[in-house]
Every structure is written in C-alpha cells, then in structure tokens.
Amino acid sequence: MSDYGLIINGDKIVTEKTFAVKNPANEEVVANCPIATKDHLNSAVKAASDAFITWSKVSDDDRAAVCGKISSAIASHSEELAKLLTQEQGKPLEGAGSRFELGGAAGWAGYTSTLKLPEKIIQDDENAKIVQTRKPIGVVGSILPWNWPLMIAVWHIVPAIRAGNTVVMKPSPYTPLSSLRMAEIISACLPAGVLNCVTGEDNLGQWMTEHPNIQKIIFTGSIPTGKKVMSSSSASLKRLTLELGGNDAGIVLDDVDPAAVAPDIIQGAFLNNGQTCAALKRLYVHDSIYDDLCKELANAASGIPMGDGLDESNLQGPIQNKMQYDKVVALFEDAKEQGGRVLCGGDIPNEPGYFMPYTLVADVNDGMRIVDEEQFGPLLPIIKYSDLDDAINSANALETGLGGSVWSSDTERAAKVASQLECGTAWVNGHGGIAPNVPFGGVKCSGIGVEFAEEGLHEYTNIQIVNVAKA
Ligand code: NDP
C-alpha cells in the first residue's frame, strides 16, 4: 500500500503492488509508488477517450482559462512539490534546483495558456472558401524522464490539454512521486478523465506506445528508447514528438576573455548536474587560449557546495540514480586511462549517495568515450583545436543534433559559425537557455518535432481543411 495513488478519471487509485522510490542523496526509501497493471492503463485510456468527447468541444477561451488555473495551482503548491522533487530526484532546493523547476513549470503553463489556435482563411474568392482549422488529435500519451520531471510534464501536458486533447502521463520510475502529486493537483482543475497518471514497471511505457486508443505519443528520453517508441507506435500510426538526447558541442573562438566566459560555460555544462538534454557536453577550445581557459574553468567549477539538496546551503546534489552514476564514473575512469588530465573534481566521496563533484577533464580527443558518448552528469571533456573548420566538423560529426554553442567577443563572427552547426538551437555566448515562446527541438537523432510556442502547440493538432465550392 502507498500514500500515493494512480490518477484515473479524477480518482486516486491505490494499488496492491508498489515499488520503493529511493532518495539518491542517501539511498533511503522516500515512499512506495503504485504499480499499474494493464487493466489500470486500459481504464486510464478509456477515461481519457471518454473525456475527449466533451473536452475537445470546450471553447478555446475556456480551455485557455483552465490552463491559467493550472499554472496558479502549480504555483500555490510549489513548495510542497519542490521538497518532494528534491527527495526523489536529488536536485537541490536552491539554485537552479527544485524551486527553479517549479517556477519554470508554473511559468510555462501560464504562457501556454495565452497561445492561440486561430482559423486560417487560405482562399475566399468567387470559386471557393477554403479554411484551415487545427483540431485536437485525441488521447495523448506522455512518457517522461527523470531529469526535469515536473517541468517536462508541464511541457507535455499543458499544450496537449490547451489544444483540446486528453492525456495519460507516465512518469519515470525514478521520479514518480512528485509527478503523481502534481497530476492530482492539475486534475482537480479539470473535468474527470482529461488528465490521468499511471506509474509502474518497465513494460508500462511499451504498453502505451502499443495501445490502439492512444493517438499521439510525446516522449522525452534517450535515443535508443526513442527508436523503440517510434517502432512500436507504427502499428497504429501514432503522431509522435520525440525529444531525445544530445551531445552538444561548444566551440570557444580565439578572441574570448577566458575569465569572463568561464562561469557561463560551467553553468551551460552543469545545469541540473549536467543531467539536461541540451547541456554543453563537449568543449572545443582554440589552442591560443586553451591553458588560460582551462585555469578559469577549473576556478569556476571548484568549491560548489555539494550534499543533500534539502539542506539549503547545497547547490549541487547527487547524480539521480545508480545506473547513471555508474555510467558517468565509467566514462571518467576511461578518460583518465586514455591520458585525460583532471583539472578539478573527480574525487568521489566514499559514502551513501551518488555524489560526484563537478569534474573537468582536459587533453582528450574525439574518439574517446568521454567525448563521443553523452555523459549526462557532472563531467565535461575539454578538447584543444587549432583549425576552426576542424572544430565545426567535430561538432557535427555525431548522430546527435540538439544544441550547440559558439563563444566569442565578436558576436557577428560567432553567429556565422553557429549557423554552421547541425543542431536545433545554436547559442552564442550561452548554452541551454530556453523559453516558452521559442520553439525547441533536435535534428538528426536528437528528435522529431518541436516543443514550445505556436509551433509546439501545433504538434498537438491535426489540420482540417474545409473547402466550400462556390457556385
Ligand atoms: P529512457 O529513455 O530509457 O527512459 C525514459 C522514459 O521512457 C521512462 O519513463 C521509461 O520508463 C520509458 N521507457 C523505457 N523503455 C520504453 C519503451 N520501450 N517504450 C516506451 N517507454 C519506455 O531513459 P533512462 O531513464 O533509462 O536514461 C538513460 C539515458 O537516457 C541517460 O543516460 C541519458 O543519457 C538519457 N536521457 C535523456 C534525457 C533527455 O532529456 N533527453 C532524459 C533522461 C535520460 P521505464 O524506465 O519504466 O521503462
């Protein structure tokens, strides 16, 4: 039994079977989480299908008003949710941690409520009137990761609901508790069945992608899982938005002031302990400033207070889970064996919790695991280059294409370099900044489709053309 319940048709459903959710800061159990059976999933999809009949006909203004209420409800419960998020996810309450994430979730919901889906008159003359409208798709299945669980849930749920769809969401088993509680809070703002939330074991996501009565999947997670989602969604030709992993390169040109850019580079690399899809994960630095920048980066990355995120003096928490921790440590050990020079960090505490300080490894090259594989943790490889075209080629060499950045005192020159990067967003003198009015998505294997802004909202609609011939 658990204090937490699945949210199905507006009800909180306690399940017989549960699993333990652990705090990555101390490996202690936070609470038990319900395990949904296939019948629970079917009930959630049925509730969402039934609710779609009426919700899809609610006026645009009324749906916008409800999304505004959702934003206020998240904001008024943000402290409760932030503390729960810190306990199960590990991120600190302070800094760019749980309170920051809850602020983002409420802000994104509020902005999304203001977006419009107007009709478009394509032709209106003596021959015909042709009008394009955007209609909701149906039941949207939202499959979520563990890195920014609440903010990403809002990115999935609110535009779906705003556009007239209904939702079945599935949090990651690593971070289900705050999502279940947030779903309960959001669901109270909505008619029964518009938002449902199921949690469980590893087969639940696949059941969703195979379910014949889910019409669209929005998925944020790894590239291998994204490919599986695409494959199993094909039987019913589901609409898909896939926001997958990245291995973003940053290129530092020869004209930067190392002391000025170092703090922003560290922030772009280690936002959320590096567990951010569009974090800076490979840094290419021109040889003329390489040594100076390495020194400044080590200064900026050292001495960050690390520990249990509930202690407000800490600004860095643990890596979220054991699997991820083992992966990051293995990449670090491999880099050292291959001759990588540790500039700072690397001293891993021998106590409970998945802690690793911000760690910079210089003198590494393309072809090493630490460069070619997404670390998704507090570990950044630094690579020296002398020819800018070589650095651009390296940045573009991988299958990923989420973000990238160029750092320079000459922003026009940097913007020209940025435009040569094969990625969805190319930043100049920053990395990872996103906003609800700016479309965001990946190219190549980093994803399909975009989130945010009108373009993101459109992903939750089908176009219908009404073509009226005139006599
Ligand atoms: P996954 O991509 O495996 O999991 C993300 C979500 O997908 C979870 O809810 C998971 O649930 C679900 N899922 C897993 N398999 C399937 C399937 N076959 N069909 C449908 N849904 C499925 O990420 P992990 O948590 O395992 O992390 C692995 C790596 O992914 C990380 O090391 C990191 O590199 C990357 N990652 C990228 C993120 C991003 O923001 N782009 C976010 C998180 C991770 P369940 O676990 O129950 O199967």
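Read-outs throughout are calculated quantities, based only on the coordinates presented, and are distinct from any laboratory measurement. A quick note: this is a predicted structure, and the numbers were derived from the prediction, not measured. Cβ sites come from the backbone with ideal geometry, for glycine too, and all protein chains shown count toward neighbours.
Numerical summary
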quantity: Nearest 10 degrees, 0 to 90: helix 149-162 Cα axis against the chain principal axis; calculated: 30 degrees
quantity: Gyration tensor verdict on the range 26-127 (Cα atoms; rounded if a/c is under 1.5, prolate if a/b is larger than b/c, oblate otherwise); calculated: oblate
quantity: Phi to ³J(HN,Hα) by Karplus 6.51 cos²θ - 1.76 cosθ + 1.60 over the range 214-226, Hz, x for Gly, Pro; calculated: 9, 9, 9, 10, 10, 10, 10, x, 7, 5, x, 5, x
quantity: Exceeding the 27 Å Cα-Cα cut-off - candidates 38/216; 12/116; 46/444; calculated: 12/116; 46/444
quantity: The chain - share of DSSP beta bridges that are antiparallel (%, nearest 5); calculated: 40 percent
quantity: Sparse-neighbourhood loop sites, GluC sites (Glu not before Pro) in the range 76-154 - DSSP loop, at most 15 other Cβ within 10 angstrom; calculated: 119, 126
quantity: Taking the chain and dividing mean pair separation by its residue count, relative contact order in percent (alpha carbons under 8 Å, at least six apart); calculated: 19 percent
quantity: Electrostatic dipole magnitude of the chain [Cβ: Lys, Arg +1; Asp, Glu -1; Cα centre; debye, to 20]; calculated: 1940 debye
quantity: Rounded if a/c under 1.5, otherwise prolate or oblate - the range 315-459, Cα gyration tensor axes; calculated: oblate
quantity: Kirkwood hydrodynamic radius of the chain, Cα pairs, Å; calculated: 23.1 Å
quantity: Other-chain or far-sequence residues with amide H under 5 Å of residue 433's (modelled H); calculated: none
quantity: In Hz, Karplus ³J(HN,Hα) per residue of the range 229-234 (6.51, -1.76, 1.60; θ = phi - 60°; x = Gly, Pro); calculated: 4, 4, 5, 7, 7, 5
quantity: Hull-based mean projected area of the range 141-228, where the convex hull spans the alpha carbons, in square nanometres; calculated: 5.5 nm²
quantity: Electrostatic dipole magnitude of the range 197-290 [Cβ: Lys, Arg +1; Asp, Glu -1; Cα centre; debye, to 20]; calculated: 660 debye
quantity: Reach of residue 83 by Cα under 17 Å, taken over lysines that are not fewer than 8 positions away in the same chain; calculated: 22, 91
quantity: Point-charge dipole on Cβ atoms (K/R +1, D/E -1) for the range 92-219, about Cα centre, debye to 20; calculated: 180 debye
quantity: Considering only the range 248-428, percent of DSSP beta bridges that pair antiparallel, nearest 5; calculated: 10 percent
quantity: The range 92-165 and the range 1-69: distance between their alpha carbon centers, rounded to Å; calculated: 19 Å
quantity: Interchain or long-range residues, amide H under 5 Å from residue 141's placed H; calculated: 168, 215, 216, 217, 218
quantity: Lys pairs, the range 248-428 - Cα-Cα below 20 angstrom, 8 or more residues apart or on other chains; calculated: 8
quantity: Ranking of 179, 236 by count of other Cβ atoms within 10 Å, fewest first; calculated: 236, 179
quantity: Other-chain or far-sequence residues with amide H under 5 Å of residue 13's (modelled H); calculated: 6, 7, 8
quantity: Distance from the range 200-236 to the range 330-357 (C-alpha centre basis), Å; calculated: 35 Å
